[in-house]
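One structure coming up, written as structure tokens, with questions to follow.
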Amino acid sequence: MMVIYSFPPTQQLQPVGVLHLACSDRAPYLAREAVSAWLGPGHPAREIAVLAASELITNAVRYADTSRTGGSSGNGEGDGEGGQGSITLKLCQGTDYLRLGVTDSGSSCSKPSAIPLQEPSLNAECGRGLAIVQALSHNRWGSFRLPVTGGRVVWCHLDLDPTPAQIEELFRAPV
């Protein structure tokens, strides 16, 4: 059963990094580079976090309504702020997980907490991003709309210290 959380569970989180990006084809690359640098080469969750960030940013680039302004949560604890056509990536660390949050200007095609997962065919060229995030986060992800701006935040929680077997399972090709 799939569960999509509208607001992430609360816990004291330590900021790791924040990156403001233009809504462009270059944004996923810049997000991957930033997360990789923030976590460093020896971090056990680095590859998982880099892939999740890339998928979330790619969705923001593809689906954000760049004609609207949005992004700031107004409470100082939001997952970023940004203006028209901007995306914010925020990485924080809890006691046993990493939280990735991507804020964009929102989209007229998504409801606050019900972004649909697609069942991609084997020949599909797109439609796998949120399914990948769901797998990487073990179903600990969700989205919500920012009340004042209408911006959208999509977030996920990733294991802070995944075992080698968990990482291998995530990257194993389907049989």
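Being surrounded by fewer than 23 Cβ atoms within 10 Å (Cβ to Cβ) and either at pLDDT 50 or above or acidic (Asp, Glu) (or both) is the filter here, so list the residues in segment 70-82 that pass it.
Hits for segment 70-82 are 77, 81.
Only one residue in 31, 52, 60 is closer than 25 Å to residue 150 by Cα, under 12 Å from the mean Cα position of the chain (by Cα) and at pLDDT below 95. Which one? Full working, then the answer.
Values: 31 fails: at pLDDT below 95; 52 fails: at pLDDT below 95.
Only one candidate passes the filter, namely 60.
I've got another one for you. Being among the hydrophobic types (A, V, I, L, M, F, W, C) and modelled with pLDDT of 90 or more is the filter here; which residues of segment 83-142 pass it?
87, 89, 91, 92, 98, 100, 102, 133, 136, 141
Let me ask another. Report every pair of residues separated by at least 6 positions or lying on different chains whose Cβ atoms are under 7 Å apart, first residue within segment 153-171 and within 14 Å of residue 134 (Cβ to Cβ), second open to solvent by 30 Å² or more (accessible area, probe 1.4 Å) and in a loop (DSSP other than H, G, I, E, B).
Going by the 7 Å Cβ cut-off, the qualifying pairs are 156/140; 157/140.
Hey, could you check segment 12-34 for residues that are out of contact with any strand residue (DSSP E or B) (no Cβ under 6 Å at 6 or more places or on another chain) and farther than 19 Å from residue 62 by Cβ and say which is surrounded by the fewest Cβ atoms within 10 Å (Cβ to Cβ)?
12
Inside segment 35-68, can you point out the residues that are in contact with a Cys (Cβ under 6 Å, 6 or more places away or on another chain) and surrounded by fewer than 19 Cβ atoms within 10 Å (Cβ to Cβ)?
Once the filter is applied, which keeps residues that are in contact with a Cys (Cβ under 6 Å, 6 or more places away or on another chain) and surrounded by fewer than 19 Cβ atoms within 10 Å (Cβ to Cβ), segment 35-68 yields only 66.
The values are calculated or read from the model by the stated rules, or taken from the named source; none is laboratory data. What you are looking at is a predicted structure, and each value in this text was computed from that prediction instead of being measured. Positions of Cβ are generated from backbone atoms using ideal geometry, with glycine treated the same way; all protein chains shown enter the neighbour counts. Ligands, DNA and RNA are excluded from the accessible area calculation, which covers all protein heavy atoms including side chains. Shrake-Rupley method; radii C 1.70, N 1.55, O 1.52, S 1.80 Å.
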